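Visitor: Sharing a structure here in structure tokens format.
The values are calculated or read from the model by the stated rules, or taken from the named source; none is laboratory data. Everything numeric here is computed off the predicted structure, so don't read it as measured data. Here the Cβ positions follow ideal geometry from the backbone for every residue, glycine too, while neighbour counts run over all protein chains shown. We work out accessible area using only protein heavy atoms, side chains counted, and drop any ligands, DNA or RNA first. Shrake-Rupley method; radii C 1.70, N 1.55, O 1.52, S 1.80 Å.
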Amino acid sequence: TRDAKYRDLCAAISARIERRPGDHVHGYLCSVRGTMDLYNSTSDRKYLDLAVAAWKDVTQSGDILITGGVPEAWSPKKKRTEGGAECAWLRLNLALYSATGDEVYLETAEDVIFNEFAMNQFASGDFGHGVLDENGTPGIVAVRAWWCCTLHGLRTFTDVNDHVFRQSGNKVFYDLPLDGRIRSGNFEAEARSYLADNGKVR
């Protein structure tokens with residue numbers, strides 16, 4: 001609609017986001033992702049700066065798991081993982097990489113994809129929760145949380161797929177070593193990943 005009242009409401013919400021001890025990680029990260037949406041809609045650098053500051057706060061919090069993922073709740077309630085939180089963290093990193101080109105976000109996204117995201121999925125396709133051991137690693141992902149985690153897990157696959165290839169001007173980059181395809185004019189590229197079988201990509 002381009003009606004400023006919607007932008008202003010989003011900005012007011014974004015200005016009130018804070019990461020508090022023991023709070024729900026997924027909810028917080030969804031709010032930060034909303035701030036990225038606000039940046040993408042307005043091109044106002046202050047919203048990108050807010051999201052970058054939130055990312056730095058999370059990475060310096062001591063709550064990043066050995067898998068590259070995040071817990072269900074911030075310390076001191078860091079007891080288990082949550083698929084929805086992993087998905088929001090992964091999607092935030094992909095959005096920050098798209099906006100900035102800074103490879104630290106792409107590298108973080110890869111850690112989450114190949115460690116936490118993959119480990120958090122059941123053979124049925126569902127995503128869920130796992131209790132953390134003393135090393136901060138989920139021993140068994142025991143709960144299929146179809147009411148939240150599975151929904152967000154499936155939506156995350158689309159974001160991941162959209163970030164396998166990236167086009168900038170007349171250049172094409174293969175950013176994520178996964179299956180993917182890109183078509184642009186007379187140009188087409190396809191990638192097939194065999195990392196799980198032999199560590200190679202074609």
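Visitor: For segment 116-170, give me each residue that is touching a Gly at 6+ places or on another chain (Cβ under 8 Å), charged (D, E, K, R) and in contact (Cβ under 8 Å) with a residue 24 or more places away in the chain.
Guide: GLU116, ASP126, listed by residue number.
Visitor: Every residue in segment 107-120 that is more than 10 Å from the chain's Cα centre (by Cα), crowded, with 20+ Cβ neighbours inside 10 Å and of a type outside the set (D, E, K, R), please.
Guide: ASN120
Visitor: If you check LEU178, LEU154, which single one turns out to be of a type in the set (A, V, I, L, M) and in contact with a Ser or Thr (Cβ under 6 Å, 6 or more places away or on another chain)?
Guide: Of the residues listed, the single one that is of a type in the set (A, V, I, L, M) and in contact with a Ser or Thr (Cβ under 6 Å, 6 or more places away or on another chain) is LEU178.
Visitor: If you don't mind, another one. Could you check ALA123 against (1) surrounded by fewer than 20 Cβ atoms within 10 Å (Cβ to Cβ); (2) of a type in the set (Gly, Ala, Ser); (3) part of a helix (DSSP H, G or I) and say which number it fails?
Guide: Only one criterion in (1) surrounded by fewer than 20 Cβ atoms within 10 Å (Cβ to Cβ); (2) of a type in the set (Gly, Ala, Ser); (3) part of a helix (DSSP H, G or I) is unmet by ALA123, namely (3).
Visitor: What are the pairs with Cβ atoms under 8 angstrom where one residue, in segment 20-43, is over 21 Å from PRO76 (Cα atoms) and the other, located anywhere, is open to solvent by 20 Å² or more (accessible area, probe 1.4 Å) and of a type in the set (D, E, K, R)? Sequence gap at least six, or different chains.
Guide: Note: pairs meeting the criteria are ARG33/ARG91; LEU38/ARG7; LEU38/ASP44; TYR39/ARG45; SER41/ARG7; THR42/ARG7.
Visitor: Condition first: in contact (Cβ under 8 Å) with a residue 60 or more places away in the chain, more than 15 Å from PHE127 (Cα to Cα) and not β-branched (Val, Ile, Thr). Now tell me which residues in segment 54-103 satisfy that.
Guide: LEU65, ARG91, LEU92, LEU94, ALA95, LEU96, TYR97, SER98, ALA99
Visitor: Take the residues in segment 144-202 that are surrounded by 14 or more Cβ atoms within 10 Å (Cβ to Cβ) and basic (Lys, Arg); name whichever of them is farthest from LEU106 (Cα to Cα).
Guide: ARG144
Visitor: Okay, next question. Within segment 171-202, how many residues turn out to be free of Cβ contacts under 8 Å to residues at least 12 places away in the same chain and under 24 Å from PHE127 (Cα atoms)?
Guide: Final tally of qualifying residues: 3.
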